[in-house]
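Chemist: Before we start, here is the structure in question, set down as structure tokens.
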């Protein structure tokens, strides 16, 4: 949805013109800098909460998209910095769900569908403890799709956190590089001729005449 000139969405501080300038600059800098440098972009993460909610989501989505295309890992520092923004940007109002009678089953259905996007209506119904007809109605609702998308983002964020923690642990306990003397010893051992052992003669059994 396009924001009219001069209007400021709820929760934002920047004007429409300021928001457009901030978004263009943020996206340009994210694409210009290496992924490992994003965690040091203090001005970006400090100003991001002031931008329009849709702008925040586009910037965060672009970060994940670029990191994926580049094949880069997201550092633990960056995950820590963007996590509050992701949680805030993905916050979904529960007012629209007032007509859902069984919210627990609704939550189970969205969770299962987010982790199993190819699940059938029957499988979703079994996971949620609801009827197939109910699942067919729920899955058409905007709040159902919004909850599924939220869970998918949480899943991806958790994966990135685990990945970053693993790499931090590996970096901490990584063995030191071999010294020059150790390398020379290793090379000498590889160049040394192998000792060839003489083959044992096989004894031929003599049959008694």
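Every number here is computed from the coordinates shown, using simple stated rules; none is lab data. Because the structure is predicted, anything quoted here is derived from the model rather than measured. Backbone-built Cβ (ideal geometry, glycine too); neighbour counts: all protein chains shown.
Chemist: Mind giving me the FRET efficiency for residue 58 and residue 140? R0 is 30 Å, r the Cβ-Cβ distance, nearest 0.05 is fine.
Modeler: That gives a FRET efficiency of 0.70.
Chemist: Please work out the FRET efficiency for the pair residue 72 and residue 20, using the Cβ-Cβ distance as r and a Förster radius of 30 Å; give the result to the nearest 0.05.
Modeler: 0.60
Chemist: Right, next: Set the Förster radius R0 to 22 Å, insert the Cβ-Cβ distance between residue 40 and residue 152 as r into 1/(1 + (r/R0)^6), and round the FRET efficiency to 0.05.
Modeler: In this case the efficiency is close to 0.20.
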